[in-house]
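Peer 1: What follows is a structure written as structure tokens; I'll ask about it next.
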Amino acid sequence: MLLRMALRKKMAGLTAVATAVALAIAPVPALAQQQKGPPVIRDTESEQLLREYTRPILRTAGLEKQNIQIVIINESVFNAFVADGRRIFVNYGAMMQSETPNQIIGVLAHETGHLAGGHLAKMREQMAQAQTQMIIAMLLGAGAMIAGSRGTNSNGGLANAGAAAVAGPQEMIRRTLISYVRQQEENADRAGVKFLTATGQSAKGMYETFKRFTNDSLFAAHGADPYVQSHPMPAERVAALEEIARSSPYWEKKDDPALQLRHDMVRAKISAFMERQDTVYRRYPMSNDSLPARYAHAIATYLHGDLRSALAQIDALIQQQPANPYFYELRGQALLEGGKPAEAIAPLRRAVQLSNSAPLIEMLLGQALVGTDNKAYTEEAISILRAAVARETEAPLGYTQLAMAYGRKGDFAEADLASAQAAFLRGDNKTARELASRAKTRFAVGTPGWVKADDIVAAKPMPGQSSN
Ligand SMILES: [Zn+2]
């Protein structure tokens, strides 16, 4: 399953280190202007792979206890950033443009370098200081201007000095911040290489990726890429990176072929779900019969309505890798969306089992059980969905299905509460409050359901989020 949804958290909390500088010195980047936070892609297979890429690096950086999440953003351009010390954000475009695991792992190591260095907090301090300096400088400048205008004819030059003082500090502070960012970037490079070496990995992929973004490269000339904007990549920085990366004993170490295959499978899946059909078939022509290409073909076939052909292709994939949970998940999803929920149940059960009960797949199974309209499945659906929403707290799908299951059972208090929780996760506070208020009237005062409903009624909108 590959879901596109909006991240509930307001974008204001998600300003990346480098974007923070961009905010201070340049027009607000498009991402920060969005009201509802970035659109996020949810997919167990992709998230699992990125978690495996990041885990050893976070461990060696001493961050394993922070429970840092990897969030995939629905953007095709290359970008990766840290924003709040809890999450690393990666555009799906960064995965598509990373041909090897080692290349994206290098980017993740660099971002972990920002996290480990506490660069976000330091940047905020630096910005606050810069702002104070700017205000003082402007006040001094204004003072000088007033003095200049009062200075009658004795010293007319002072007025101009005042004007210069007003324009000057902004430029000075801009330069200070840029050099500060460069310093942080170099520190993150060095930390990244250190983490890679400590985990027995090469920094070649990191070097390869950053080299593509060098200031004088064709890539940078386009100027549209957010990663290039937030990662000033002068040739000296890339040269310094190359030198420390080459000094590692793992420089020539290649990716494990099994990992490379999983990487290629995830890229094929992302391409098939996110890119135009002609792009998918250009990347993976019909003549390509590799497993990733066949994965992309099967997904593209199901997405474009040919369920029978898609199922035949998925069955062939299952035959090749009978223990791959994501092939069964795909089979279930294709059947579910093809209007055959009863037939989706068996493959989804298998997917849940093989994926060690991945909550997003459990939600899909819950959806299939509820979708059959067979009351015999209601209790099972409720228990699976409850388990799923307890572990996966940000996906509204689980609550939407839970609400339907409770409704079928005639438990309207729980149904209203689950609908309120789904609305809350979608960022629709008005509906969430209305449903939660109604749920409160259906629960006995003080019961756990009543308390949860009351929490939603009382929840304050996120800062900057509209109250409706
Ligand atoms: Zn960086």
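The values are calculated or read from the model by the stated rules, or taken from the named source; none is laboratory data. Nothing here was measured: the structure is a model prediction, and the numbers come from that model. Because the Cβ atoms are built from the backbone with ideal geometry, glycine has one as well, and the counts that use them run over all protein chains shown. Accessible surface areas use protein heavy atoms only, side chains included; no ligands, DNA or RNA. Shrake-Rupley method; radii C 1.70, N 1.55, O 1.52, S 1.80 Å.
Peer 1: Could you provide, to the nearest whole Å², the per residue accessible area of segment 49-101 with probe 1.4 Å? Can you show the working numbers first?
Peer 2: Values: 1990 Å² over 53 residues.
Accessible area per residue, segment 49-101: 38 Å².
Peer 1: Which GluC sites (Glu not before Pro) in segment 349-452 sit in a loop by DSSP (not H, G, I, E or B) and have at most 15 other Cβ atoms within 10 Å of their own Cβ?
Peer 2: Counting only loop positions with at most 15 other Cβ atoms within 10 Å, the GluC sites (Glu not before Pro) in segment 349-452 are E394.
Peer 1: Quick one: Karplus J couplings for segment 256-263, per residue in order, coefficients 6.51, -1.76, 1.60, θ = phi - 60°, nearest Hz, x for Gly and Pro?
Peer 2: 4, x, 5, 5, 4, 5, 4, 4
Peer 1: Still on this structure, please answer the following. By a straight-distance test (C-alpha under 20 Å), which aspartates and glutamates pair with K452 as possible cross-link partners, with residues fewer than eight away in the same chain excluded?
Peer 2: E392, E394, D411, E414, D416, D428, E434
Peer 1: Continuing with this model, one more query. For K122 and E337, compute 0.36 nm times the residue count separating them, minus their Cα-Cα distance, and round to one decimal in nm.
Peer 2: 72.6 nm
Peer 1: Between the alpha-carbon centers of segment 369-427 and segment 278-352, tell me the distance in whole angstrom.
Peer 2: What the calculation gives is 26 Å, centre to centre.
Peer 1: Also: Compute the signed sum of charges (Lys and Arg +1, Asp and Glu -1) over the other residues within less than 12 Å, Cβ to Cβ, of N67.
Peer 2: Overall, the nearby charge balance is +4.
Peer 1: Could you list which residues have their amide H under 5 Å from that of I73, counting only those 5 or more apart in sequence or on another chain, with H placed in the peptide plane?
Peer 2: Under 5 Å from the amide H of I73 lie the amide H atoms of I41, V90, N91, Y92, each far enough along the sequence or on another chain.
Peer 1: Which GluC sites (Glu not before Pro) in segment 242-320 pass both tests, a DSSP loop state and at most 10 other beta-carbon atoms within 10 Å?
Peer 2: In loop regions of segment 242-320 (DSSP not H, G, I, E or B), the sparsely surrounded GluC sites (Glu not before Pro) are E252.
Peer 1: Out of the total accessible area of segment 219-368 (probe 1.4 Å, heavy atoms of protein only), what percent is carbon and sulfur?
Peer 2: 52 percent
Peer 1: Right, here's the next one. If R0 is 60 Å, what FRET efficiency do you get for K211 and V445 from their C-beta distance, rounded to 0.05?
Peer 2: My answer for the efficiency is 0.40.
Peer 1: Using the basic label-point model (7 angstrom from Cα toward the beta carbon), what is the S290 to A390 distance in nanometres?
Peer 2: Spacing of the two 7 Å Cα→Cβ label points: 4.2 nm.
Peer 1: Under the rule of at least 5 residues apart or a separate chain, name every residue whose amide H is placed under 5 Å from the amide H of M233.
Peer 2: N215
Peer 1: Please sort by residue number the trypsin sites (Lys or Arg not before Pro) in segment 247-307 whose DSSP state is loop and whose Cβ has at most 13 other Cβ atoms within 10 Å.
Peer 2: Sites meeting the loop and neighbour criteria: K254, R276.
Peer 1: Suppose the chain between Q133 and S383 were pulled fully straight at 0.36 nm per residue; how much longer would it get relative to their current alpha carbon spacing?
Peer 2: Full extension from Q133 to S383 adds 84.2 nm.
Peer 1: A further question on this structure: Accessible area per residue, 1.4 Å probe, Å², for segment 226-342: what's the number?
Peer 2: Ligands and nucleic acids excluded, the result is 48 Å² per residue.
Peer 1: If you don't mind, there's one more thing I want to ask. Report the net charge of residues surrounding F412, where surrounding means a beta-carbon distance below 13 angstrom and charges are Lys +1, Arg +1, Asp -1, Glu -1.
Peer 2: Once positives and negatives cancel, what remains is +2.
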